[in-house]
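Here the structure comes first, spelled out in structure tokens, and everything after it is commentary.
The values are calculated or read from the model by the stated rules, or taken from the named source; none is laboratory data. This structure is a prediction, so every number in the text was calculated from the model and none was measured. A quick note on method: Cβ atoms are made from the backbone with ideal geometry, for glycine too, and the neighbour counts reach across all protein chains shown.
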Number of protein chains: 2
Amino acid sequence: MRGEILSVGTELLLGQILNTNARELAVRLAEAGVFVYYQVTVGDNRQRLLAAYREALDRSDVVVVTGGLGPTYDDLTKETLAEALGVPMVLEERAMAGLRAWFASRGLTMTAIQEKQALCPVGAELLSNPVGSAPGVLWHKDGKLVALLPGPPHEMRTIFEASVFPRIRSMSGEHLQSRVLHLAGIGEASVQERLADLMAGENPTIAPYAKLAEVELRLTACAPSDAEATDMLTPLALEVRSRLGWHVYGEGDERLEDAVGEELLHQGLNIATVESVTGGLVASRLIGHPGASRYVAGGLVAYSLEQKRSRLGLSADTVGDGVSADLALELARGATRQFNADVGIGTCGFAGPTGRQVGLVYVAVAGRRGDRVRELKLGATREEIRQRAAQWALTLLWQQMREEA
Amino acid sequence: MRGEILSVGTELLLGQILNTNARELAVRLAEAGVFVYYQVTVGDNRQRLLAAYREALDRSDVVVVTGGLGPTYDDLTKETLAEALGVPMVLEERAMAGLRAWFASRGLTMTAIQEKQALCPVGAELLSNPVGSAPGVLWHKDGKLVALLPGPPHEMRTIFEASVFPRIRSMSGEHLQSRVLHLAGIGEASVQERLADLMAGENPTIAPYAKLAEVELRLTACAPSDAEATDMLTPLALEVRSRLGWHVYGEGDERLEDAVGEELLHQGLNIATVESVTGGLVASRLIGHPGASRYVAGGLVAYSLEQKRSRLGLSADTVGDGVSADLALELARGATRQFNADVGIGTCGFAGPTGRQVGLVYVAVAGRRGDRVRELKLGATREEIRQRAAQWALTLLWQQMREEA
């Protein structure tokens, strides 16, 4: 089945917003067994939109359209589809009632212009929108399917998942399923080396994606049913986990701070930080996990040399020029003492943009499970160096907890 | 002049990467006086790419293409352009020499397959790539221009800015110039209210964009020369600044932490933080500005109630259930005492995702310039609430420094 994603909106053509919808739909359509051959963006212009519809209906089986479903004059997506299909629009009473209820529940009065949202091309159906006022539209005839979805990503996603994805998947007869594994402390090249034979497979597939501070692995299986797809992915995920060991920290939406937080709770440890180069990023990420109050004992941002000396009682020798493996360890140990914590994290380094040895960073973990320190040479901008340093600090802690668990 | 952006790459169709190039080019083409009517994405497929070229050459004056310029078999962008134009490819000696030098400077040996990158459609020119191995391509004839650029954003941007943007701008004869003003502590609706008459203008234009925790204003002027465009923007920017006062914190790439940092230096103040709900985010952002060691006295992450009591010597009454205006002020005052700082910032609140009053946040500033506290009701996810809270903490400090400057 051939698919096409059509994005409508002058704000996209002007670059005022980034087209995240097209990417998200591309991923999900692939998972529904649709081969997307085209992504097209046009503005809020009747003539060009009409031409885009005609071309899409001619060359694609599944056409997913986003944007231009609102009530104002430049929202043309629905009426132009009716024109392309050569059918009139009718007012749907059920949708009108839904719209009235939606506005009433927000204490708003519905204006005449908003009634437009209850119009539907004859032969299509309106898809209810539980998170906004503009309903979606689904047209399905002679093996072709067109879905119209609102532009706001949250509304687009809600309607697509509830009412469009299942329909497309039942059309394609193929069930694609994906699992995403998150890796820490390992680069893309090492992953490829360790998984070369598995990555050569055609179904299921394994694809690595390098992100700013981690590698993500997407495992995908295509089968005649969901159960069979699951049966293909389960042993593959186990094999990957067994080969990569502690490097696999989580799956799906899980972040490294979530995995670290759960492991701290599980092991009954609390934690504190003394951060120089990361300046609060590590603490902030730890606290990003809900329930962090149960294991974050506290954090100190000691950015200047003076701070490190006076607050942690370090000697001028240890502090030196402010960046060394010893200093990172002393900061981590200082964290445990200052906050009476089981485990401490310390970071120091040169984040630039100017000065010598930009990108040289040390991260350390100290405490009841022993001490570790790691020297890093991190690249690119000040912001990226600091983000990567924070990721490595959490990675070092994760490694220690898993290796000694 | 009509423009079109053509993105080539199966990884885009599969949603493996987000098409940031299309957005960036859209912004710059608008600034060069080109009306972009279409954005199209196709995979690494000769036939569909050829059809896309033919359609683009037919309907657009300026076609900017990204991706598929590498040396491997599935990089088809250049040869398919030659096919669409009906011209052969020739090897460019100068480009060959450039490629050899590029590989030699990295200690790499150039393979035969890489010679492909020195091929050029007859009648076009290769554009040198100082940051990668794949050169760009420019074809310009009979009022039509086609530019081929590598997919990696850094290479795309470098070649576009150096070799393509100036050519397009001289074609269009129009000079668009933009200035971006960053606002803090004011919403989109208030901005529209205060600038309604200015925003009604057609040239120059003012467009507001609401981002996660701030509003951005883009001022754009279109004139026959750069100097005239500048002359249109200068008084407009002054007028906007005079109407919005301290809410305008910066321009261009400047971030709120940059503006705050420079102002702290200017006023000879140093600063410290005690963060609960933001958990290190405020300190981390302050330290994101290069040179922060000159004014960041230190920071404390006191997430648990226990921490707040024991480290800051606060009474159980003040700490209460951990969220109040008084507590935020005490945290800010505690910051000045703990780190012997001129100014302190304190934050507390409920970030959720569960529990009562999720989104209720207090941020406070205390110190030599007096005390301020602000109650906020912030929306959405735990992450967004914390990000917005950090932005408001910096905003409150910025407001105080500017109002009393």
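If you check residue B:258 against the conditions, is it free of Cβ contacts under 8 Å to residues at least 40 places away in the same chain, within 14 Å of another protein chain (Cβ to nearest Cβ) and surrounded by 15 or more Cβ atoms within 10 Å (Cβ to Cβ)? Walk me through it before giving the result.
On the way: free of Cβ contacts under 8 Å to residues at least 40 places away in the same chain: yes; within 14 Å of another protein chain (Cβ to nearest Cβ): yes; surrounded by 15 or more Cβ atoms within 10 Å (Cβ to Cβ): yes.
Against the criterion (free of Cβ contacts under 8 Å to residues at least 40 places away in the same chain, within 14 Å of another protein chain (Cβ to nearest Cβ) and surrounded by 15 or more Cβ atoms within 10 Å (Cβ to Cβ)), residue B:258 qualifies.
Answer yes or no as to whether residue B:354 is touching a residue at least 40 places away in the same chain (Cβ under 8 Å) and facing another protein chain (nearest Cβ under 9 Å). Show your work before the answer.
On the way: touching a residue at least 40 places away in the same chain (Cβ under 8 Å): no; facing another protein chain (nearest Cβ under 9 Å): yes.
When the stated conditions are applied, residue B:354 does not pass them.
Does residue A:51 fit the bill of being closer than 24 Å to residue A:7 by Cβ and in contact with a Leu (Cβ under 9 Å, 6 or more places away or on another chain)?
no
Out of B:330, B:383, which single residue is within 30 Å of residue B:262 (Cβ to Cβ) and without any contact (Cβ under 8 Å) to a residue 12 or more places away in the chain?
Numbers: B:330 fails: without any contact (Cβ under 8 Å) to a residue 12 or more places away in the chain.
Of the residues listed, the single one that is within 30 Å of residue B:262 (Cβ to Cβ) and without any contact (Cβ under 8 Å) to a residue 12 or more places away in the chain is B:383.
Would you say residue B:98 is over 26 Å from residue A:38 (Cβ atoms) and without any contact (Cβ under 8 Å) to a residue 60 or more places away in the chain?
On the way: over 26 Å from residue A:38 (Cβ atoms): yes; without any contact (Cβ under 8 Å) to a residue 60 or more places away in the chain: yes.
Against the criterion (over 26 Å from residue A:38 (Cβ atoms) and without any contact (Cβ under 8 Å) to a residue 60 or more places away in the chain), residue B:98 qualifies.
State all residues of region A:351-383 that are closer than 15 Å to residue A:276 by Cα and out of contact with any Phe, Trp or Tyr (no Cβ under 8 Å at 6 or more places or on another chain); if no residue qualifies, say none.
A:351, A:352, A:362, A:364, A:365, A:382, A:383
Can you tell me which residues in region B:276-325 are among the aliphatic types (A, V, I, L, M), more than 34 Å from the chain's Cα centre (by Cα) and at pLDDT 75 or above?
Taking region B:276-325 and keeping what is among the aliphatic types (A, V, I, L, M), we get B:277, B:281-283, B:286-287, B:292, B:296-297, B:300-302, B:305, B:312, B:314, B:316, B:319, B:323, B:325.
Retained after the next criterion (residues that are more than 34 Å from the chain's Cα centre (by Cα)): B:305, B:312, B:314, B:316, B:319.
Across region B:276-325, the qualifying residues are B:312, B:314.
With respect to the numbered conditions (1) modelled with pLDDT under 95; (2) out of contact with any Cys (no Cβ under 9 Å at 6 or more places or on another chain), which one is the sole condition not fulfilled by residue A:346?
(1)
Taking region B:1-25 as the region of interest, how many residues are within 7 Å of chain A (Cβ to nearest Cβ), touching a strand residue (DSSP E or B) at 6+ places or on another chain (Cβ under 9 Å) and polar (S, T, N, Q)?
Within region B:1-25, residues that are within 7 Å of chain A (Cβ to nearest Cβ), touching a strand residue (DSSP E or B) at 6+ places or on another chain (Cβ under 9 Å) and polar (S, T, N, Q) number 2.
Checking the structure you have, find out if any residue of region B:264-274 is more than 19 Å from residue A:307 (Cα to Cα), assigned by TED's automatic domain parsing to the domain that holds residue B:395 and touching a helix residue (DSSP H, G or I) at 6+ places or on another chain (Cβ under 8 Å). Lay out the reasoning, then the answer.
First, pick out the residues of region B:264-274 that are more than 19 Å from residue A:307 (Cα to Cα): B:266-267.
Narrowing further to those that are assigned by TED's automatic domain parsing to the domain that holds residue B:395: B:266-267.
Within this subset, residues satisfying the condition of being touching a helix residue (DSSP H, G or I) at 6+ places or on another chain (Cβ under 8 Å) are B:267.
Within region B:264-274, one or more residues are more than 19 Å from residue A:307 (Cα to Cα), assigned by TED's automatic domain parsing to the domain that holds residue B:395 and touching a helix residue (DSSP H, G or I) at 6+ places or on another chain (Cβ under 8 Å).
Give me the pairs: first residue in region B:284-295 and outside the structural domain of residue B:265 (by TED's automatic domain parsing) and among the basic types (Lys, Arg), second residue crowded, with 24+ Cβ neighbours inside 10 Å and not in a helix (DSSP H, G or I), beta-carbon distance under 6 Å, and six or more apart or on different chains, which are they?
Filtered contacts from region B:284-295: no entries.
Pairs under 8 Å by beta carbon, first residue assigned by TED's automatic domain parsing to the domain that holds residue A:88 in region A:101-116, partner of a type in the set (Asp, Glu), six or more apart or different chains?
Cβ pairs passing all conditions: A:116/A:75.
Every residue in region A:288-302 that is among the hydrophobic types (A, V, I, L, M, F, W, C) and either more than 7 Å from every other protein chain (Cβ to nearest Cβ) or in contact with a Ser or Thr (Cβ under 8 Å, 6 or more places away or on another chain) (or both), please.
Taking region A:288-302 as the starting set, the residues that turn out to be among the hydrophobic types (A, V, I, L, M, F, W, C) are A:292, A:296-297, A:300-302.
If the condition is that a residue be among the hydrophobic types (A, V, I, L, M, F, W, C) and either more than 7 Å from every other protein chain (Cβ to nearest Cβ) or in contact with a Ser or Thr (Cβ under 8 Å, 6 or more places away or on another chain) (or both), then A:296, A:297, A:300, A:301, A:302 are the ones that fit.
Report yes if some residue within region A:42-53 is in a strand (DSSP E or B) and either within 26 Å of residue A:114 (Cα to Cα) or among the β-branched types (Val, Ile, Thr) (or both); otherwise report no. Spell out the reasoning first.
The first filter runs over region A:42-53 and keeps only residues in a strand (DSSP E or B), leaving A:42.
Cutting the leftovers down to either within 26 Å of residue A:114 (Cα to Cα) or among the β-branched types (Val, Ile, Thr) (or both) gives us A:42.
Yes, region A:42-53 has at least one match.
I'd like to check something: does region A:69-78 contain any residue that is more than 8 Å from chain B (Cβ to nearest Cβ), surrounded by fewer than 16 Cβ atoms within 10 Å (Cβ to Cβ) and of a type in the set (Val, Ile, Thr)? Break it down stepwise before answering.
If we filter region A:69-78 for residues that are more than 8 Å from chain B (Cβ to nearest Cβ), which is where we start, we get A:69-78.
Within this subset, residues satisfying the condition of being surrounded by fewer than 16 Cβ atoms within 10 Å (Cβ to Cβ) are A:72-74.
Those left that are additionally of a type in the set (Val, Ile, Thr): A:72.
Looking through region A:69-78, at least one residue is more than 8 Å from chain B (Cβ to nearest Cβ), surrounded by fewer than 16 Cβ atoms within 10 Å (Cβ to Cβ) and of a type in the set (Val, Ile, Thr).
Which one of the conditions (1) in contact with a helix residue (DSSP H, G or I) (Cβ under 9 Å, 6 or more places away or on another chain); (2) in a helix (DSSP H, G or I) does residue A:336 fail to meet, given that it meets all the rest?
With (1) in contact with a helix residue (DSSP H, G or I) (Cβ under 9 Å, 6 or more places away or on another chain); (2) in a helix (DSSP H, G or I) applied to residue A:336, the lone miss is (1).
State all residues of region A:219-255 that are of a type in the set (Val, Ile, Thr) and crowded, with 18+ Cβ neighbours inside 10 Å; if no residue qualifies, say none.
So in region A:219-255, the residues of a type in the set (Val, Ile, Thr) come out as A:220, A:230, A:234, A:240, A:248.
Answer for region A:219-255, where residues must be of a type in the set (Val, Ile, Thr) and crowded, with 18+ Cβ neighbours inside 10 Å: A:220, A:240, A:248.
Would you be able to tell me the number of residues in region A:358-377 that are surrounded by 22 or more Cβ atoms within 10 Å (Cβ to Cβ) and more than 12 Å from residue A:344 (Cβ to Cβ)?
Result for region A:358-377: 2.
Within region B:26-39, work out how many residues are facing chain A (nearest Cβ under 7 Å) and crowded, with 23+ Cβ neighbours inside 10 Å. Step through it out loud before you land on a result.
Going through region B:26-39, the residues facing chain A (nearest Cβ under 7 Å) turn out to be B:26-27, B:30, B:36-39.
Then drop every residue that is not crowded, with 23+ Cβ neighbours inside 10 Å, which leaves B:26, B:36, B:38-39.
Result for region B:26-39: 4.
Limited to region B:85-108, what total is found for residues that are of a type outside the set (Val, Ile, Thr) and in contact with a strand residue (DSSP E or B) (Cβ under 9 Å, 6 or more places away or on another chain)? Walk me through it before giving the result.
Initially, region B:85-108 is screened for residues of a type outside the set (Val, Ile, Thr), giving B:85-86, B:88-89, B:91-108.
From what is left, the residues that are in contact with a strand residue (DSSP E or B) (Cβ under 9 Å, 6 or more places away or on another chain) are B:85, B:88-89, B:91-92, B:94-95, B:98.
Residues in region B:85-108 being of a type outside the set (Val, Ile, Thr) and in contact with a strand residue (DSSP E or B) (Cβ under 9 Å, 6 or more places away or on another chain): 8 in total.
So which of A:341, A:364 ends up being part of a strand (DSSP E or B) and modelled with pLDDT of 95 or more? Please lay out each step first, then the result.
Numbers: A:341 fails: part of a strand (DSSP E or B).
That would be A:364, the only listed residue that is part of a strand (DSSP E or B) and modelled with pLDDT of 95 or more.
Can you pull out every residue in region B:3-51 that is at pLDDT 90 or above and of a type in the set (S, T, N, Q)?
B:7, B:19, B:20, B:21, B:39, B:41, B:45, B:47
For residues in region A:303-330 being hydroxyl-bearing (Ser, Thr, Tyr) and more than 7 Å from chain B (Cβ to nearest Cβ), which is nearest to residue A:254 (Cα to Cα)? Don't jump to the end; show me each part of the working.
The initial filter retains those residues of region A:303-330 that are hydroxyl-bearing (Ser, Thr, Tyr), namely A:303-304, A:310, A:315, A:318, A:324.
Checking which are more than 7 Å from chain B (Cβ to nearest Cβ) leaves us with A:310, A:315, A:318, A:324.
Numbers: A:310: 38, A:315: 40, A:318: 37, A:324: 32 Å.
Top of the filtered list is A:324.
For region A:215-229, check the following and say yes or no: at least one residue is in a strand (DSSP E or B), touching a Lys or Arg at 6+ places or on another chain (Cβ under 7 Å) and at pLDDT below 95.
Within region A:215-229, the first condition is being in a strand (DSSP E or B), and the residues that meet it are A:215-223.
From the residues that got through so far, the ones that are touching a Lys or Arg at 6+ places or on another chain (Cβ under 7 Å) too are A:219.
Next, from what is left, pick out any that are at pLDDT below 95: A:219.
Checked against the condition, which is being in a strand (DSSP E or B), touching a Lys or Arg at 6+ places or on another chain (Cβ under 7 Å) and at pLDDT below 95, region A:215-229 yields at least one hit.
Can you find even one residue in region A:307-327 that is touching a residue at least 12 places away in the same chain (Cβ under 8 Å), of a type in the set (S, T, N, Q) and surrounded by 19 or more Cβ atoms within 10 Å (Cβ to Cβ)?
Among the residues of region A:307-327, not one is touching a residue at least 12 places away in the same chain (Cβ under 8 Å), of a type in the set (S, T, N, Q) and surrounded by 19 or more Cβ atoms within 10 Å (Cβ to Cβ), which makes the answer no.
Listed residues A:147, A:162; which is at pLDDT 90 or above and within 26 Å of residue A:104 (Cα to Cα)? Quick ask: steps written out before the conclusion?
Working: A:147 fails: within 26 Å of residue A:104 (Cα to Cα).
The unique qualifying residue is A:162.
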